[in-house]
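Below: the structure, in structure tokens.
None of the figures in this text is laboratory data; all of them are computed from the coordinates on show. Please read these numbers as outputs of a predicted model, since none were measured by experiment. When we count neighbours, we look across all protein chains shown, and the Cβ atoms used for this are built from the backbone with ideal geometry, even at glycine.
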Amino acid sequence: MKIELFYSPVTCAMAPYINLTEAGADFEVHALNFRTNDHLSPEYRKINPKHKVPMLLVDGERLTETAAIHLWMTEAFTDAKLMPTDTLGKAQAISLLSWVSGGIHPYLSRINNPARVCDIEGTAKNVVEHASEYLYETFGLADEMLEGIDYLMGDYSASDAYFFWAIRRFTQFKLDLDRFPNVSAYYGRMQTRDSVQKLLTFERETIEEFKRAA
Ligand SMILES: N[C@@H](CCC(=O)N[C@@H](CS)C(=O)NCC(=O)O)C(=O)O
């Protein structure tokens, strides 16, 4: 089976990178440079009209959306135990992935680029404030969920890599993680995983490569 991951540094495409690594999968990475708008190129739009990452090609078949990508990965690499196997447990795992995808990610995106939500002059600050307030509420929920457990589902599972990305973006936007001691400890715990360290090294190398090519 040929697995190709379309990835860009700092983006949520780090989640499938981490989980493919957790699964011991053999995969090829196509790194897109968002700074030079690789994702908006006609070539990439042809293979992914959504012009987003992550995207997988599995034996040439396209798969987009982080939750679906992880559902596929879980079934393709059963030994990796990326989600529980019982029906309810699997649905709860998808629920967590969907929560990050629909309930957290869009608010991080609007802090990253407020004009995408509203480009009326003078509104950017307000967009960022509303998104931040919402994220503080959401991270409060995550903090409660993580009380007394190491990972979102107790043991490590697919959604942890996606939430890890969200926390990283949260800190990159200078939001205050110290308000959430359980999330903060979890963020540190995630960084002790070999898969996360491998991703962070790969990310650094990719950014260096982009700089050299500029
Ligand atoms: N709903 C998608 C969201 C993916 C997404 O928004 N990816 C961002 C990077 S974190 C992206 O590729 N943005 C580029 C663009 O929107 O043009 C998923 O769950 O995978």
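What does the net charge come to around Ala15 if you take all other residues with beta carbon closer than 14 Å to its beta carbon, with K and R at +1 and D and E at -1? Taking every other residue near Ala15 into account, the sum is +1.
Within the chain, the longest run free of GluC sites (Glu not before Pro) that sit in a DSSP loop with at most 10 other Cβ atoms within 10 Å is 1-120.
Cross-link pairs exceeding 23 Å between alpha carbons, from the set Lys50/Lys174; Lys2/Lys52; Lys81/Lys198; Lys2/Lys46: Lys50/Lys174. Between Lys81 and Arg45, the contour length at 0.36 nm per residue exceeds the Cα-Cα span by 9.7 nm. Shown in residue order for the range 54-66 are the 3J(HN,Hα) couplings computed by the Karplus curve 6.51 cos²θ - 1.76 cosθ + 1.60 at θ = phi - 60°: x, 9, 10, 10, 10, 6, x, 8, 7, 9, 10, 6, 4 Hz (x for Gly and Pro).
In order along the range 176-191, phi translates into HN-Hα couplings of 8, 6, 4, 5, 10, x, 6, 5, 5, 5, 4, 4, x, 4, 4, 6 Hz, rounded to whole numbers, per the Karplus curve 6.51 cos²θ - 1.76 cosθ + 1.60 with θ = phi - 60° and x for Gly and Pro. Computed 3J(HN,Hα) for the range 194-202, one whole-Hz value per residue from the Karplus formula 6.51 cos²θ - 1.76 cosθ + 1.60 where θ = phi - 60°, is 4, 4, 6, 4, 5, 4, 5, 5, 4, glycine and proline marked x. Each stretch of four or more DSSP H residues adds -39500 (n - 2.57); spread over every residue of the chain, this sum gives -16500 deg cm²/dmol at 222 nm. Over the chain, with a Gaussian network built from C-alpha contacts below 10 Å, which listed residue (His39, His105, His51) shows the highest mean-square fluctuation? Sorting by GNM fluctuation, first place goes to His51.
Dividing the convex hull volume of the alpha carbon atoms of the chain by its residue count gives 134 Å³ per residue.
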